[in-house]
Amino acid sequence: MKIAQVAPLRDSVPPQRHGGTERIVSYLTEELVRLGHDVTLFAAGDSSTSAALSAACSSSLRSTPKISSPDAPLVLLLERAFGTCAGNFDLIHSHIDTLGFPLTRRCRTPVLTTLYGRLDLPELVSVFQQFSELPVVSVSSAQRCEVPWINWQGAIHHGLPRHLYSMHPNPGRYLAFLGRISPGSGVEQAIELAIRTDMPIRIAARIDPADRNYFEHIAPLFEHSLVEYVGEVTDGEKDDFLGEAYALICSVDRPDPFGLVLIEALACGTPVLAYRRGAVPEIVDHGMTGYLCDSLAEMAHTVAWVPNLDRRRCREAFEKRFTVERMAQDYLALYERSMHKEEDQSVDQSSNRAMRQSPNLRSQDDAPIEAAA
């Protein structure tokens, strides 16, 4: 197939450090190329890919914070992917959430959009009402709960390359927190968990400029002797950071649509302690690859149970359910279905036009009532 992958421009594909969507786009794109498909990646110019790269800007928006008009490259991205170049592809896979919806509706090439973010935001309701017919994919079943009535085509969990993370059979002595330091990320509760259980915690997290005030507000928590802030880490650093941990702490205080860090930990053989929210129950098998909790007190109680979990089972769960090979095959199945559906609709439309233009082709059941009278 000739496939277009349309990525956000905020980070390169793959991102240098943090960036979940761009990371998944990269893994999927590389696997599709490996399988022999003709793939074009629409992304920032500092992206690295074995696909053909169509760059709407020379570098990612995050790496050029002084850009005068960040909307300008987005306009170019939309026009190239859904306009001037659309006819070159059998299917366009959009990873830019609702941003491409207006052009998707008018595009003659089949477009499939994966929604990555939270859908429980009130301002999104009117958008989905306006574009409810557009085919979309969720990254978990839980993500659909807020808008079950839109045109869902499937739920496809994220996948990672098998070689990206290695199995670490022996547990470490620290709790790990990986993600962003922002309101609702759960970093405060993770630190409180470490203090309650008297276990060291290492925090690898990015601080966005918008969250700087929040970080300064909670900064005194990081002065505790059990807390070590290591900053943002690369993929290579993440392998040891997660793999050498006693457990990953996922104390996110909101219903996350997926949680990429969860499968990264499982790939390293590291169990997960997490709140029973959002997509977490779809990823973590309670009592086998981690423990699902409803409160901080319950999570503190389960910390002592972690040695009962087999780290090999964590890795096995990753290899069975969360590899890039599985993700790519799931998407290819949706690509095929979307293309066939588009072909069927074209045939139906052509037949309807022919029926309207040639009265002799109408059946008796289609004849006007007055003619029958």
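The values are calculated or read from the model by the stated rules, or taken from the named source; none is laboratory data. As the structure is a prediction and not an experimental result, all values here were calculated from the model. Heads up, the Cβs are rebuilt from the backbone with ideal geometry, glycines too, and the neighbour counts pull from every protein chain shown. Remember, those area values only see protein heavy atoms, side chains included, never the ligands or the DNA or RNA. Shrake-Rupley method; radii C 1.70, N 1.55, O 1.52, S 1.80 Å.
In whole angstrom, segment 95-230 maps to an equivalent ellipsoid with semi-axes of 38, 20, 13, each derived as √(5λ) from the alpha carbon gyration tensor and ordered largest first.
Rounded to the nearest Hz, the phi-derived 3J(HN,Hα) couplings of segment 46-59 under the Karplus curve 6.51 cos²θ - 1.76 cosθ + 1.60 (θ = phi - 60°) are 8, 6, 10, 8, 8, 7, 5, 10, 10, 9, 8, 7, 6, 8, where x marks glycine and proline.
Protection proxy ranking for 108-120, 49-61, using the average of other Cβ atoms within 10 Å per residue and placing the highest first: 108-120, 49-61. Among bridges DSSP assigns within the chain, what percent are antiparallel (round to 5)? Close to 0 percent. Here r is the Cβ-Cβ distance between R108 and S59 and R0 is 45 Å; the resulting FRET efficiency, rounded to 0.05, is 0.90. Expressed as a whole percent, the accessible area of segment 34-167 that falls on carbon and sulfur atoms is 53 (1.4 Å probe).
Per residue, the accessible area of segment 1-71 comes to 41 Å² when a 1.4 Å probe rolls over the protein heavy atoms.
GNM on the chain, alpha-carbon springs under 10 angstrom: the most fluctuating residue among S26, S68, S12 is S68.
For segment 46-86, the gyration tensor built on C-alpha atoms gives an oblate shape. Its axis ratio a/c (a ≥ b ≥ c) is at least 1.5, and a/b is not larger than b/c.
Please identify every one of the GluC sites (Glu not before Pro) in segment 132-189 that sits in a loop by DSSP and has no more than 15 other beta carbons within 10 Å of its own beta carbon.
Filter output for segment 132-189: E133.
For the full complex of protein chains and a 1.4 angstrom probe, list I181, I207 by accessible area with the highest value first.
Order by accessible area, largest first: I207, I181.
Summing Lys and Arg as +1 and Asp and Glu as -1 over all other residues whose Cβ lies under 14 Å from the Cβ of R276 gives a net charge of -4. For segment 1-107, state which trypsin sites (Lys or Arg not before Pro) are in a DSSP loop and have at most 10 other beta carbons lying within 10 Å of their beta carbon. Passing sites in segment 1-107 are K66. Taking a sphere under 13 Å around the Cβ of Y165 and counting the other residues whose Cβ falls inside, with K and R at +1 and D and E at -1, yields a net charge of -2. Accessible area per residue for segment 139-269 is 42 Å², calculated with a 1.4 Å probe on protein heavy atoms, without ligands, DNA or RNA. Its residues counted as N, segment 82-163 yields a C-alpha radius of gyration over 2.2 N^0.38 Å of 1.14.
Annotation for segment 135-199: chymotrypsin sites (Phe, Trp or Tyr not before Pro) lying in DSSP loop with at most 13 further Cβ atoms inside 10 Å of their Cβ are W149.
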